[in-house]
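The values are calculated or read from the model by the stated rules, or taken from the named source; none is laboratory data. Source: prediction; values computed, not measured. So basically every Cβ, Gly included, is an ideal-geometry build from the backbone, and we count neighbours across all protein chains shown. With ligands, DNA and RNA removed, areas are computed over all heavy atoms of the protein, side chains included. Shrake-Rupley method; radii C 1.70, N 1.55, O 1.52, S 1.80 Å.
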Amino acid sequence: MIEHQVAIVTGASRGIGNAIATRLSGEGYAIVAVGTSELSGISANFAAIRQSRLPWIYVQADVSTREGRDRILSATLEEFGRIDVLVNNAGVAPKVRMDLLETSEESFDRVLGINLKSTFFLSQAVARIMCEAKAGNPALAPKIVNISSVSAYTSSTQRGEYCISKAAISMVTQLFADRLADSGINVYEIRPGVIATDMTSVVKEKYDAMIANGLTPIRRWGQPDDVAKAVWAACSGLLDFSTGEVINVDGGFHLRRL
Ligand code: NAP
């Protein structure tokens with residue numbers, strides 16, 4: 001078994017997940033980066049992780065399928081023999097924004113399968129491994145971190161299925177936090193606001209204007225590393241008497257203002 005702590009980060013091929021993997025690698029974790037892309041096309045995104053000289057692997061897997069999730073776990077255990085952190089970050093927006101009255105079952109199943117079902121069942125499978133490891137070695141401090149969104153509580157009627165998936169991730173966080181507390185495994189929800197990635201690039205001009213007009217008290221786009229720093233805070237041990245906690249990384253979007 002490897003001496004370094006091991007972090008699985010889903011959706012690490014680009015965007016927020018890539019920043020999380022990079023930061024955790026910089027903090028001394030061996031990394032299991034997961035995405036659906038071929039590694040050859042995204043290899044440059046791992047330059048910083050390579051520089052850290054810590055062990056890492058890329059697993060090409062679809063988190064919405066049982067086969068994909070099994071592959072992530074078997075590759076991790078084969079390569080490193082342990083799991084200390086799971087970051088459920090992989091997520092998609094609907095391919096087409098559609099009014100609530102037009103939302104298709106196909107899009108609903110796709111978005112909930114990738115965003116929600118994967119978070120639930122990967123957490124379940126990893127939690128079993130973490131519980132066993134913790135029982136054998138009480139010094140371990142495993143963590144699960146779920147990336148939700150301000151969409152967990154903000155209505156966008158053009159992408160209802162995305163909002164539903166993120167609201168449900170909040171409950172997944174609370175359920176696992178409750179269930180795993182006696183086993184010494186803390187669970188956190190990181191709730192990003194508007195973050196500059198491929199996902200938001202399609203609505204850049206709209207959000208540029210909204211931010212300039214005061215959408216968020218802190219008037220700037222969030223950067224992927226803003227989220228990565230919050231994930232590191234949750235993993236660092238400094239929040240060990242907190243579980244089921246929500247950390248807003250949103251420039252103050254959640255504040256009610258008069
Ligand atoms: P992004 O740039 O579009 O990246 C999405 C990542 O998820 C990619 O690495 C992608 O990998 C991976 N992914 C997608 N489907 C997958 C699947 N079926 N199996 C495995 N990996 C899959 O998105 P992002 O902005 O970084 O978003 C990351 C997370 O933050 C998402 O959960 C998103 O909902 C959440 N979030 C984002 C924002 C924002 O403003 N950007 C705000 C709040 C919350 P491949 O490309 O290799 O498939």
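A single entry from Ile16, Ile72, Ile20 fulfils the requirement of being among the aliphatic types (A, V, I, L, M) and touching a Ser or Thr at 6+ places or on another chain (Cβ under 7 Å): Ile16. The condition of being closer than 22 Å to Asp225 by Cα and over 19 Å from the mean Cα position of the chain (by Cα) holds for only one of Ala44, Ala90, Ala21, that being Ala44. Look at segment 110-155 and say how many of its residues are of a type outside the set (A, V, I, L, M, F, W, C), surrounded by fewer than 16 Cβ atoms within 10 Å (Cβ to Cβ) and more than 16 Å from the ligand (Cβ to nearest atom). Qualifying residue count, segment 110-155: 6.
Scanning segment 60-81 for residues that are basic (Lys, Arg) and either surrounded by fewer than 18 Cβ atoms within 10 Å (Cβ to Cβ) or near the ligand (Cβ under 8 Å from one of its atoms) (or both) yields Arg66, Arg71. In segment 32-56, the residues that are free of Cβ contacts under 8 Å to residues at least 60 places away in the same chain form Cβ pairs under 6 Å with partners that are within 12 Å of the ligand (Cβ to nearest atom) and of a type in the set (D, E, K, R), at six or more places apart or across chains, as follows: Thr36/Asp62; Asn45/Arg14.
Residues in segment 183-201 that are within 10 Å of the ligand (Cβ to nearest atom) and outside any helix (DSSP H, G or I) were compared, and the one that is farthest from Asp250 (Cα to Cα) is Thr197. Of all residue pairs spaced 6 or more apart or on separate chains, those with beta-carbon atoms under 8 Å, a first member in segment 151-166 that is among the acidic types (Asp, Glu) and a second member that is modelled with pLDDT of 95 or more are Glu161/Pro94; Glu161/Thr103; Glu161/Ser107; Glu161/Phe108; Glu161/Val111; Glu161/Leu112. Restricting attention to segment 196-215 and to residues that are farther than 26 Å from Leu24 by Cα and β-branched (Val, Ile, Thr), the residue that is most open to solvent (accessible area, probe 1.4 Å) turns out to be Val202.
Residue pairs whose Cβ atoms lie under 9 Å apart, sitting 6 or more positions apart in sequence or on different chains, and linking a residue in segment 84-105 that is closer than 20 Å to Ala233 by Cα and part of a loop (DSSP other than H, G, I, E, B) to a partner that is open to solvent by 20 Å² or more (accessible area, probe 1.4 Å) and away from the ligand (no atom under 15 Å from the Cβ), are Asp84/His4; Asp84/Gln5; Asp84/Ala133; Asp84/Leu140; Asp84/Ala141. With the structure loaded, tell me whether Ile218 is more than 16 Å from the ligand (Cβ to nearest atom) and either part of a loop (DSSP other than H, G, I, E, B) or surrounded by fewer than 18 Cβ atoms within 10 Å (Cβ to Cβ) (or both) or whether it fails that test. Judged against the criteria, Ile218 is not a match.
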